[in-house]
Amino acid sequence: MQTRKIQTAVIYAALAVLAVVLGLLAARFTGTTGTNEPPQLQAGTALGGQSQVLPQFSLLDHEGQPFDRSRFEDRWSFLFFGYTYCPDVCPTTLATMSATLNAIEPGDRPVGGVFVSVDPERDSVERMESYVTYFHKDMIGVTGDESEITNLTRPLGILAVKTTDPNDPDNYLVDHSASILLVDPQGRLTAVFGAPHDPTRIAQDFETLRNHYR
């Protein structure tokens, strides 16, 4: 069972990176922004001229406050999609994001993490609050209407598929993308970090990107 979970996570990570890259290539002709040649990264892929402005959406953060595209402006954000009942990939990835944030030196813009639920049926605002604040003080949990979550995930190539057990329908799993996305202070998807994740290398890549676009 554990081997199947690891294999599934690896497959979804690869598919997620492929979906994001293909989506950005298509978006090149329909509204991409940015012209700088991207720097070479150790742990991720910098998008440079393929940077994609995040789509419009309307959700809630873990304090019950509105969370939309404007919340990404004037700050750097590591963005991850998952769910609080996730048995392995999500807690591991959020711990990695926390370690990454702790390794980054303060700069002219704040740097934080955003965890968006792909299981809004179970991930209430209250549950998201208790979950994300455990990992880092600068982590924001986001949930809301499923259609609004889809408005965000679909253009970014994020995959999420519910797998149910007929004998225990309430205790389902959600196979989902395992990539960490980096959003710049203009609300653009700037880099993609595929699994497995190394917080030290991601933090170094972030410094490379921040210096490049400063």
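The values are calculated or read from the model by the stated rules, or taken from the named source; none is laboratory data. Owing to the predicted nature of the structure, the values given are computational and were not obtained by experimental measurement. Because the Cβ atoms are built from the backbone with ideal geometry, glycine has one as well, and the counts that use them run over all protein chains shown.
Going through VAL142, VAL118 one at a time, which residue ends up being closer than 20 Å to PRO185 by Cβ, crowded, with 17+ Cβ neighbours inside 10 Å and at pLDDT 95 or above?
Result of the check over VAL142, VAL118: VAL142.
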Quiz item: Looking at this structure, is GLY82 surrounded by fewer than 21 Cβ atoms within 10 Å (Cβ to Cβ), modelled with pLDDT of 95 or more and within 20 Å of LEU54 (Cβ to Cβ)?
Solution: no
Self-check item: Residue among ASP145, ASP123 that is among the acidic types (Asp, Glu), touching a Phe, Trp or Tyr at 6+ places or on another chain (Cβ under 7 Å) and at negative phi
Solution: ASP123
Quiz item: Looking at PHE57, is it at pLDDT 95 or above, buried (at least 22 other Cβ atoms within 10 Å of the Cβ) and not small (Gly, Ala, Ser)?
Solution: no
Quiz prompt | Unmet requirement for PRO87, which otherwise passes all of (1) surrounded by fewer than 17 Cβ atoms within 10 Å (Cβ to Cβ); (2) in contact with a Leu (Cβ under 8 Å, 6 or more places away or on another chain); (3) under 25 Å from ARG188 (Cβ atoms) | solution = (3)
